[in-house]
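Okay, so here's the structure we're looking at.
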Amino acid sequence: MTHDPLDKKISVGVELTEAGLNANARSRAAAALDRLVGNLVDFVNLPVEASNVRSRTKIEAERQLMDAMRKHAIGRMKTDAEFADRAVSSYLRSIGIRQENKDGVARHAIEDLRRDPSASGKASDLDPLFVDKLERHAEEASTEALREKWGRVLAAEVREPGSFAPKVLRVVDELDGQTARVFEEVCNFRLNDVIPRTLSGVLEFEKITRLVEAGLLLDPGEGGQLQYFVESTHTSNPDDKIWMLGTGEVAIGIRDISSLSRQPLMSTEPIGLYEGQPVIPVYILTQAGHAVSRILPKRDEEVLEAYAQKLEQSYGDVLRLKRVEGGYSAR
């Protein structure tokens, strides 16, 4: 039985159409994956059999061209035909390895998109500079861990174009294994771009240093950092004023802040007052750190609920809210 080089591409195209993405995100994914695995757009948009005929013709033409290149090289190097043969074979083998790496990145990107099909609905294409750089990283992704990493980056960029600027890609590329593990551990407690201290505890100096030097975390310094609650009336009752903290689709809220006291910025208490507003002592991710955190599994609602339970222990009644047209209401 002969191996059909199109089998993998066809399956990639089918999975993409079934991933559950909105139309704009699906278009972005198709464009990027077409760049990695080749001719994917044909497989997504055209009848399979007709597309297969064209692609098999192209593959056969490329094979004949490679054979011609090999014969030409040997002809030009008659004094050392064996060396010419090895050189051409090595070149062709390197092409195959790079393509195998890119295929692996594409596969992981699709798996990530299937796990989380949520995506921005804006009709925007992926930045060509991002696609160029991603392709180079994908070609060099020689291990499964690297393929998974760059696949997640591609999936995150498909969901929210513009997240991975060149600076962020450099941060991802330079991230060593130990720092990556620390970052993933810390991001288990992430709310948007902050890490509440009441959930993470006080981070060890070594961990803070690693994350700051990697460009993922703002240096908390000696004073610490805060996340403010926002005063809002966007509930089902406009007269019901609350202080709210949200992650997008869901939020929590409190009403009375008269019982709150000022807390040190380095505290691990779940809430305190600063300049008359309720606040949480936190660690803050850099812009690059926030972007990189998007390649990790989403836990926003789970983390917000964990924080709400902590808050209830020290404060009392906490409102659970959900986004509706015009603001938030009880959920």
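The values are calculated or read from the model by the stated rules, or taken from the named source; none is laboratory data. Keep in mind the model is a prediction, meaning the values are calculated, not measured. Cβ: placed from backbone, ideal geometry, glycine included. Neighbour counts: every protein chain shown. We work out accessible area using only protein heavy atoms, side chains counted, and drop any ligands, DNA or RNA first. Shrake-Rupley method; radii C 1.70, N 1.55, O 1.52, S 1.80 Å.
Quote the FRET efficiency, to the nearest 0.05, computed for Lys241 versus Glu305 with a Förster distance R0 of 41 Å and r equal to the Cβ-Cβ distance.
Working: r = 23 Å, r/R0 = 0.57.
Once rounded, the FRET efficiency stands at 0.95.
Please give me, ordered by residue number, the GluC sites (Glu not before Pro) of the range 274-331 that lie in loop per DSSP and have at most 11 other Cβ atoms within 10 Å.
Values: sites: Glu275, Glu301, Glu302, Glu305, Glu312, Glu325; in loops: Glu275, Glu325.
Answer by residue number: Glu275, Glu325.
Residues whose amide H comes within less than 5 Å of that of Val324, counting only those at least five positions distant or on another chain, are Ser329 (H built at 1.01 Å from N in the peptide plane).
Would you mind putting 278-291, 116-129 in packing order, based on average other-beta-carbon counts within 10 Å, highest first?
Numbers: 278-291: 22.1, 116-129: 14.0.
Packing order, densest peptide first, comes out as 278-291, 116-129.
Please give, to one decimal in nm, the separation of the simple spin-label points placed at Leu296 and Leu175, each 7 Å out from Cα toward the Cβ. Between Leu296 and Leu175, the label points sit 0.8 nm apart.
Model label sites at Arg114 and Glu275, defined 7 Å from Cα along the beta-carbon direction, differ in position by 4.9 nm. Here the average projected area of the convex hull drawn through the C-alpha atoms of the range 291-331 stands at 4.2 nm². Of the trypsin sites (Lys or Arg not before Pro) in the range 161-254, the ones in a loop by DSSP (not H, G, I, E or B) with at most 14 other beta carbons within 10 Å are Lys241. Probing with 1.4 Å while keeping every protein chain in the model, the per residue accessible area of the range 165-242 equals 54 Å². Using the Karplus relation 6.51 cos²θ - 1.76 cosθ + 1.60 with θ = phi - 60°, the per-residue 3J(HN,Hα) values for the range 113-119 come to 5, 5, 5, 9, x, 5, 7 Hz, with x marking Gly and Pro.
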